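S.K.: Take a look at the following structure, please.
The values are calculated or read from the model by the stated rules, or taken from the named source; none is laboratory data. All values reported here derive from a predicted model rather than from experimental measurement. Positions of Cβ are generated from backbone atoms using ideal geometry, with glycine treated the same way; all protein chains shown enter the neighbour counts.
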Amino acid sequence: MRAQVVIIGAGPAGLLLGQCLLREGIDTVILEQRSPQYVLGRIRAGVLESAAVELLERVGAAERLHAEGLVHEGFDIAFAGGRTRIDLAGLTGKSVTVYGQTEITKDLMDARAAAGGKTLYEVQVLPEGFDTDKPRVQFVHGNKSQTIECDFIAGCDGFHGITRASVPAGAIRNYERVYPFGWMGVLSDTRPVSEELIYVSHERGFALCSMRSRTRSRYYVQCPLSEQVDEWPDERFWAELRRRLPEDAAKALVTGPSIEKSVAPLRSFVAEPLRFGRLFLAGDAAHIVPPTGAKGLNLAASDVHYLAEGLVAFYKNKNSVALENYSARALSRVWKAERFSWSMTKLLHRFPEEGDFGRRMQLAELDYIAGSRAAQTALAENYVGLPY
């Protein structure tokens, strides 16, 4: 077999890259270790920057997003018993769109199938020869061993994927911060407590009120990493969330049975560089952000933007400059988003080692943001997404 580009991973990054290239006539094959059902079953965040929405529009995968997505022009930060609204539209002229990652993945799967793109699921892969001009991917599909020769390999297979692990240790540097807590998350078919997201900084810890639709809510509370899902029956979760909310939100909270529940650890992670010969990393294979700033999916989209731009220029114009600059361009935006997500995490969570002094610093910063248009503008600019 042969393809111009082999994409490893059929999550949002791989599918979006595949769609970008397919629409430009570039031959791609996507290889995914898991089944389609498993990929679609992963519950992830879904707050999209306007640039990510525009990219989905360009590849023909935004029709349902526009019909069902919720456009948010602001969000609240709650602390000391009150709430401050960050007016995204008023401060930046931009908004964000709430639309679940599962739905984005489904839309991209459907768009790829409609365009005749080739995707193989439940495949074991091994990228080889990417440090030469003849890279290839060995894979096993349906108990049959095969090889795809290609020009380039795109590693979009997530934090635990094979592509980054295939890079020689001396060629890559990893930067990582693991946080000493997690998010206990609940998905429920209940009306959201607010029309916009509420980020909560409380003495008992962080909380977040989010949603997937007007009838499906997603809530989180900060918890120790040692705690397990079975330690959080629904009654305990709702009671803890209500304790952390401002009084008006606590009274408006509608509770119900959870339909999904999980504890998510938080980490900041960046691999450098993102190019190794003819192998490129994108999305979670390249970096992880704490979900506090809603940047994970959006960084995958910006990686795809830069990588697709480079590959299209290479094939259409025989110009390799953008491809050679992919790692530097993508990482420049990645590190700014990492900084924002790290700062939001530091601002809103209780860090046990910080003690009372650390808590007073958080409250002072939150109070400053509440009273400063300049501080709110900086926060809003990062939240809606820095330009590509």
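S.K.: So if I check each of A239, A207, which one is over 16 Å from E260 (Cα atoms), modelled with pLDDT of 95 or more and surrounded by 20 or more Cβ atoms within 10 Å (Cβ to Cβ)?
M.R.: Details: A239 fails: surrounded by 20 or more Cβ atoms within 10 Å (Cβ to Cβ).
When all the criteria are applied, what remains is A207.
S.K.: Give me the residue from the range 273-310 that is among the charged types (D, E, K, R), in contact (Cβ under 8 Å) with a residue 24 or more places away in the chain and not in a strand (DSSP E or B) and, out of that set, farthest from T132 (Cα to Cα). Outline the logic, then answer.
M.R.: Pass one, the range 273-310, residues among the charged types (D, E, K, R): 275, 278, 284, 295, 303, 309.
From what is left, the residues that are in contact (Cβ under 8 Å) with a residue 24 or more places away in the chain are 275, 278, 284, 295, 303.
Those left that are additionally not in a strand (DSSP E or B): 278, 284, 295, 303.
On the way: R278: 7, D284: 25, K295: 34, D303: 23 Å.
Among those residues, the one meeting the criterion is K295.
S.K.: Against the definition (of a type in the set (V, I, T), in contact with a helix residue (DSSP H, G or I) (Cβ under 9 Å, 6 or more places away or on another chain), touching a residue at least 60 places away in the same chain (Cβ under 8 Å) and in a strand (DSSP E or B)), how does V193 come out, yes or no?
M.R.: Details: of a type in the set (V, I, T): yes; in contact with a helix residue (DSSP H, G or I) (Cβ under 9 Å, 6 or more places away or on another chain): yes; touching a residue at least 60 places away in the same chain (Cβ under 8 Å): yes; in a strand (DSSP E or B): no.
Taking the combined requirement at face value, the residue does not satisfy it.
S.K.: Being more than 17 Å from T190 (Cβ to Cβ) and surrounded by 15 or more Cβ atoms within 10 Å (Cβ to Cβ) is the filter here; which residues of the range 245-261 pass it?
M.R.: Within the range 245-261, P246 is the sole residue that qualifies.
S.K.: Restricting the first residue to the range 256-272 and requiring it to be outside any strand (DSSP E or B), which pairs with a second residue that is surrounded by 15 or more Cβ atoms within 10 Å (Cβ to Cβ) meet a Cβ separation below 6 Å and a spacing of at least six or different chains?
M.R.: Note: pairs meeting the criteria are G256/S188; G256/T190.
S.K.: I'd like to check something: does the range 312-319 contain any residue that is in contact (Cβ under 8 Å) with a residue 40 or more places away in the chain, over 27 Å from V6 (Cα atoms), more than 24 Å from the chain's Cα centre (by Cα) and part of a helix (DSSP H, G or I)?
M.R.: Here is the first cut: in the range 312-319, the residues in contact (Cβ under 8 Å) with a residue 40 or more places away in the chain are 312, 315-316.
Imposing the further condition that a residue be over 27 Å from V6 (Cα atoms) reduces the set to none.
Scanning the range 312-319 turns up no residue that is in contact (Cβ under 8 Å) with a residue 40 or more places away in the chain, over 27 Å from V6 (Cα atoms), more than 24 Å from the chain's Cα centre (by Cα) and part of a helix (DSSP H, G or I).
S.K.: Of these, G81, G74, G93, which one is at pLDDT below 95 and not assigned by TED's automatic domain parsing to the domain that holds I148?
M.R.: Working: G74 fails: at pLDDT below 95; G93 fails: at pLDDT below 95.
None of the others qualify; the one that does is G81.
S.K.: Scanning the range 301-345 for residues that are of a type in the set (F, W, Y) and in contact with a Leu (Cβ under 6 Å, 6 or more places away or on another chain), which turns out nearest to E24 (Cα to Cα)? Quick ask: steps written out before the conclusion?
M.R.: Initially, the range 301-345 is screened for residues of a type in the set (F, W, Y), giving 306, 314-315, 326, 335, 340, 342.
Retained after the next criterion (residues that are in contact with a Leu (Cβ under 6 Å, 6 or more places away or on another chain)): 314, 326.
Numbers: F314: 12, Y326: 18 Å.
Only one residue tops the list, namely F314.
S.K.: Going through E240, E260, E272 one at a time, which residue ends up being in the same structural domain as V137 (by TED's automatic domain parsing) and closer than 30 Å to E338 by Cα? Give the steps one after another, and end with the answer.
M.R.: Values: E240 fails: in the same structural domain as V137 (by TED's automatic domain parsing); E260 fails: in the same structural domain as V137 (by TED's automatic domain parsing).
E272 is the lone residue from the list that is in the same structural domain as V137 (by TED's automatic domain parsing) and closer than 30 Å to E338 by Cα.
S.K.: In this structure, is S332 in contact with a strand residue (DSSP E or B) (Cβ under 9 Å, 6 or more places away or on another chain) and more than 29 Å from A78 (Cβ to Cβ)?
M.R.: Working: in contact with a strand residue (DSSP E or B) (Cβ under 9 Å, 6 or more places away or on another chain): no; more than 29 Å from A78 (Cβ to Cβ): yes.
No, not satisfied.
S.K.: Same structure, new question: What's the number of the condition H305 fails, among (1) over 15 Å from the mean Cα position of the chain (by Cα); (2) more than 30 Å from A207 (Cα to Cα)?
M.R.: (1)
S.K.: Against the conditions (1) closer than 23 Å to N382 by Cα; (2) at pLDDT 95 or above; (3) under 19 Å from the mean Cα position of the chain (by Cα), where does V200 fall short? Just the number, please.
M.R.: (3)
S.K.: Let me ask something else. For the range 218-236, enumerate the residues that are modelled with pLDDT under 95 and hydroxyl-bearing (S, T, Y).
M.R.: Selection gives S226 alone.
S.K.: Next up: Would you check if there is a residue in the range 351-362 being under 30 Å from A308 (Cα atoms), free of Cβ contacts under 8 Å to residues at least 12 places away in the same chain and either of a type in the set (G, A, S) or surrounded by 14 or more Cβ atoms within 10 Å (Cβ to Cβ) (or both)?
M.R.: The initial filter retains those residues of the range 351-362 that are under 30 Å from A308 (Cα atoms), namely none.
No - not one qualifying residue is present in the range 351-362.
Residue-by-condition table, conditions (1) under 26 Å from D248 (Cα atoms); (2) exposed (fewer than 15 other Cβ atoms within 10 Å of the Cβ):
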position: E49; (1), (2): no, no
position: A52; (1), (2): no, no
position: E63; (1), (2): no, yes
position: G74; (1), (2): yes, no
position: I77; (1), (2): yes, no
position: R83; (1), (2): yes, no
position: L88; (1), (2): yes, no
position: K94; (1), (2): no, no
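S.K.: Would you tally the residues in the range 129-175 being touching a Pro at 6+ places or on another chain (Cβ under 9 Å) and of a type in the set (K, R)?
M.R.: The number of residues fulfilling the criteria is 2.
S.K.: So which of K106, K118 is more than 22 Å from R44 (Cβ to Cβ), of a type in the set (K, R) and touching a residue at least 24 places away in the same chain (Cβ under 8 Å)? Before the answer, list the steps.
M.R.: Numbers: K106 fails: more than 22 Å from R44 (Cβ to Cβ).
Going through K106, K118 in turn, the sole match is K118.
S.K.: Name the residues in the range 100-126 that are touching a Lys or Arg at 6+ places or on another chain (Cβ under 8 Å) and closer than 15 Å to R2 by Cα, would you?
M.R.: The one that is touching a Lys or Arg at 6+ places or on another chain (Cβ under 8 Å) and closer than 15 Å to R2 by Cα: T119.
S.K.: Considering L279, L299, L274, which residue is buried (at least 20 other Cβ atoms within 10 Å of the Cβ), of a type in the set (A, V, I, L, M) and closer than 21 Å to G74 by Cα? Walk me through how you get there before you give the answer.
M.R.: Values: L279 fails: closer than 21 Å to G74 by Cα; L274 fails: closer than 21 Å to G74 by Cα.
After applying the criteria, what remains is L299.
S.K.: Further, regarding this structure: Is there a residue being under 15 Å from Y220 (Cα atoms) and among the aliphatic types (A, V, I, L, M) anywhere in the range 290-301?
M.R.: Step one: of the range 290-301, the residues under 15 Å from Y220 (Cα atoms) are 290-294.
Narrowing the set further to residues that are among the aliphatic types (A, V, I, L, M) leaves 294.
Yes, some residue in the range 290-301 is under 15 Å from Y220 (Cα atoms) and among the aliphatic types (A, V, I, L, M).
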